[in-house]
Amino acid sequence: MESINQFLLFIDSLLGSAAYFPYVLLFVGTFFTIYLKFPQIRYFRASWKVLFDKESQKSPGDTSHFQALTTALSGTVGTGNIGGVGLAIYLGGPAALFWMWMTAFVGMTTKYVEVTLSHKYRVQTADGTYSGGPMYYMDRKLNMRWLAIIFAIAVIVSAFGIGAMPQVNNIAQAMQSSLSIEPIITGSVLSILLALVIIGGIQRIAKVTAKIVPFMAAMYIIGGVAVATYQIDNIWPSIQAIFSGVFTGSAAVGGFLGASFAFAFSRGVNRGLFSNEAGAGSSPIAHASAKTTNPVNEGKVALLEPFIDTIILCTITGLVILSSNVWHQKHQNQFAYADLYVLEGQYSENVAQDQQKLFAWLNKQAHEVVLFDGSLQVDNGKLVESDVTIVHARSIAEAVQFTNLSGQPYSGELVVKQGKVEPNHIEISGLSLIHSTALTAKAFNQGWFGDWGEYIVTFAILLFAFSTSISWSYYGDRAMVYLFGSGSVIYFRMSYILGFFVAAIADTTVIWNLAAVAVAFMTLPNLFAIMLLHKDIKQTQIENENR
């Protein structure tokens, strides 16, 4: 199993996690923004008007504009809006949030393009419903059925690896840690609810998401604003911190050791693009169901997605984290081996020279930091060796404790190879920075709600993740229709529900890594296809403007 994981991670490093990947997405979005004369600005007001247009209800399709948007949003608004922002700030500092905004801005155009094309080349299936998505414009316009097949297979894999398994796994873990509910109970209840929704097809999915998405967005925004206003004196300094480091990087403060411009830029771009999924080709599948005879109108509606997902919801998360100041404070936590390093020598964040050395090392610049290699002695839970520094979560760890799995202080040897502690059934804890969902939950505890604030995050994860599972079931559903016809859908839905349940109680690492590869096999073919169709989208836009 481990060898499969390593192979998938290797493939992902060549595709989805490669350094060039965010830049490809950013280039395509920027190209279309300029080529189509900034549609995200020119059509922004019109987008809201189309969204609530009732005349289109008489047109062919399965859902209203609003239902199509909420179905697509339920797929993109997920744990990335909660944990992804926390990860971006942890890695790139406050400036990373600015670059998330910029990627959302150009991502609005990418959504507009892929959705317009998807709706234009959609088809009516044997069961009377409509089916669209990148596989249809790859096939029907570009005559590249082979590419469409690759894309459709990747969608099915991603439906399990993004929509079903990790989502319920996150929910189950959150419910267990916050409310002490066993994962098997969470999985059973949610599997039944999921089955009741998705077996009804797009009509029922759209009706459910049209109610869930506005509610969960409003709940999260109100909760976030309530927390941020508690720290209202810190709002303006937080905004200043975002903009002051845009081209210089984020300065060191507290336990945060700083982030270079390159690091802030790449992490902000990366998290922004993966938050709103612009270019991935998933949302166009949902929008193809909309009732309208004008594909451009649906494209206009779609450009609201990155705006709502990233510019509104991610900004709320970012301001809560920054204004609470928890992002640069050290907190008691159990250390993850993946985030743990042992360095030779003693370092202090209060010594300028030490700070500069660690800054260079953490930001992958030329540095003098030497990773420890050898063995360390631990006595009664404490490290005997004093001439080393333990770094966890990009910060110097303090008050480090070593315990065995039963919670008793550990005594014995600790093997370290090239700075990495060899797993030895030892739990390591102490004070360090935290990131992702844990950081967001800690920030929400700093407001009017006190320690109850984290339950807003728990409930948000429940709604965000569950709604993501609903939408991705439809994406996999349409991919099955394209590959095998309408009769195959029932088998997909049964498998999807089963996979959803199993993932609540099982390790999903392999399928998650497989999905990371699959997403690249969705995104790269889709970007390639829409670039080939740049004249098509331009002509479609001109014809719409001349109506």
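In whole percent, what relative contact order does the chain give with Cα contacts below 8 Å and a gap of six or more residues?
Relative contact order comes out at 30 percent.
Once you treat every alpha carbon in region 82-152 as an equal point and sum by Debye, what is log10 I(q)/I(0) at q = 0.11, 0.20, 0.24 Å⁻¹?
Computed log10 I(q)/I(0) values: -0.47, -0.82, -0.97.
Just to check, using Stokes-Einstein with a Kirkwood Rh over alpha carbon pairs, what's the diffusion coefficient of region 224-364 at 37 °C and 0.692 mPa s in µm²/s?
179 µm²/s
With a point put 7 Å past each Cα toward its Cβ, work out how far PHE484 is from ILE192 in nm, to one decimal.
Once both label points are built, they end up 2.8 nm from each other.
Which whole-number percent is the relative contact order of region 407-529 (Cα, under 8 Å, 6+ apart)?
The value is 9 percent.
Using only DSSP helix segments of four residues or longer, with each worth -39500 (n - 2.57), what per-residue ellipticity at 222 nm results for the chain after dividing by its residue count and rounding to 500?
-19000 deg cm²/dmol
Which aspartates and glutamates does LYS111 reach when only Cα atoms under 15 Å apart count, and residues fewer than 8 places away in its own chain are ignored?
GLU277, GLU298, GLU305, ASP309
Which order do you get for PHE215, PHE151, PHE449, PHE160 if you rank them by accessible area with a 1.4 Å probe, largest at the top?
PHE215, PHE449, PHE160, PHE151
Once you have the alpha carbon radius of gyration of the chain, what is it after dividing by 2.2 N^0.38 Å, with N set to its residue count?
0.99
Where both residues lie in the chain, what percent of DSSP beta bridges are antiparallel, nearest 5?
95 percent
So what are the ³J(HN,Hα) numbers for region 476-482, from phi and the Karplus equation (6.51, -1.76, 1.60; θ = phi - 60°), rounded to whole Hz, Gly and Pro as x?
Computed from phi, the couplings for region 476-482 are x, 4, 5, 5, 5, 4, 5 Hz.
Determine the distance separating the Cα centre of region 400-439 from the Cα centre of region 173-201; give it in Å without decimals.
32 Å
Mind pulling up the Rg/Rh value for region 335-374? Radius of gyration and Kirkwood radius, both on Cα.
In region 335-374, Rg relative to Rh is 0.97.
Could you give the spread of the C-alpha atoms of region 218-287 along their three principal axes, from largest to smallest, in whole angstroms?
Cα spread of region 218-287 along its principal axes, largest to smallest: 44, 33, 19 Å.
Scan region 333-393 for trypsin sites (Lys or Arg not before Pro) in coil per DSSP, keeping those whose Cβ has at most 12 other Cβ atoms within 10 Å, and list them by number.
Passing both the DSSP loop test and the Cβ count: LYS364.
List the pairs from LYS211/LYS330; LYS364/LYS420; LYS382/LYS420; LYS49/LYS141; LYS37/LYS211; LYS291/LYS538 whose alpha-carbon separation is above 28 Å, in the order I gave them.
Pairs exceeding the cut-off: LYS211/LYS330; LYS49/LYS141; LYS37/LYS211.
For VAL384 and THR293 in the same chain, what is the full-extension length gain: residue separation times 0.36 nm, less their Cα-Cα distance, in nm?
25.5 nm
Whenever you get a sec, line up GLU427, GLU368 from highest to lowest accessible area (probe 1.4 Å, protein heavy atoms).
Highest to lowest solvent-accessible surface, that is GLU368, GLU427.
Considering only C-alpha atoms, what is the centroid distance from region 247-261 to region 120-165, in Å?
43 Å
With each label point set 7 Å from Cα along the Cα-Cβ vector, what nm distance links VAL351 and LYS49?
6.6 nm
Taking Cα atoms, how many degrees apart are the long axis of helix 489-503 and the longest axis of the chain, rounded to 10 and kept between 0 and 90?
Here the helix axis deviates by roughly 10 degrees.
Which value, in Å³ per residue, describes the convex hull spanned by the Cα atoms of region 334-400?
Here the figure is 97 Å³ per residue.
I need the trypsin sites (Lys or Arg not before Pro) found in region 43-111, filtered to DSSP loop residues with at most 13 other beta carbons within 10 Å of theirs.
LYS54
Using r as the Cβ-Cβ distance of THR125 and GLN240, and R0 as 51 Å, what FRET efficiency do you calculate, to the nearest 0.05?
Efficiency for this residue pair is about 0.45.
How large is ³J(HN,Hα) for each residue in region 281-298, as worked out from phi by the Karplus curve 6.51 cos²θ - 1.76 cosθ + 1.60 (θ = phi - 60°), to whole Hz, x for Gly and Pro?
Per residue, the Karplus-derived 3J(HN,Hα) values read x, 7, 4, x, 5, 5, 5, 5, 7, 5, 7, 5, 9, 10, x, 5, 4, 5 Hz.
By how many degrees, between 0 and 90 and to the nearest 10, does the Cα long axis of helix 165-179 differ from the longest principal axis of the chain?
Value to nearest ten degrees: 50.
Carbon and sulfur: what percent of region 133-259's accessible surface (1.4 Å probe)?
That fraction is 67 percent.
Between region 352-372 and region 452-506, how far is it from one alpha carbon centroid to the other, in angstrom?
Comparing the Cα centres of region 352-372 and region 452-506, I get a distance of 43 Å.
Nearest 0.05, what FRET efficiency do SER411 and ALA366 give at R0 = 60 Å with Cβ-Cβ as r?
Efficiency, from the Cβ-Cβ distance: 0.95.
Under a 1.4 angstrom probe, counting protein chains only, how are ASP379, ASP62 ranked by accessible area, largest first?
Reading off the accessible areas and sorting them downward yields ASP379, ASP62.
The values are calculated or read from the model by the stated rules, or taken from the named source; none is laboratory data. Quantities reported herein were computed from a predicted structural model and do not represent experimental measurements. Every residue, glycine among them, receives a Cβ derived from its backbone with ideal geometry; neighbour counts consider all protein chains shown. In case anyone asks, the SASA skips ligands and DNA or RNA and just uses the protein heavy atoms, side chains included. Shrake-Rupley method; radii C 1.70, N 1.55, O 1.52, S 1.80 Å.
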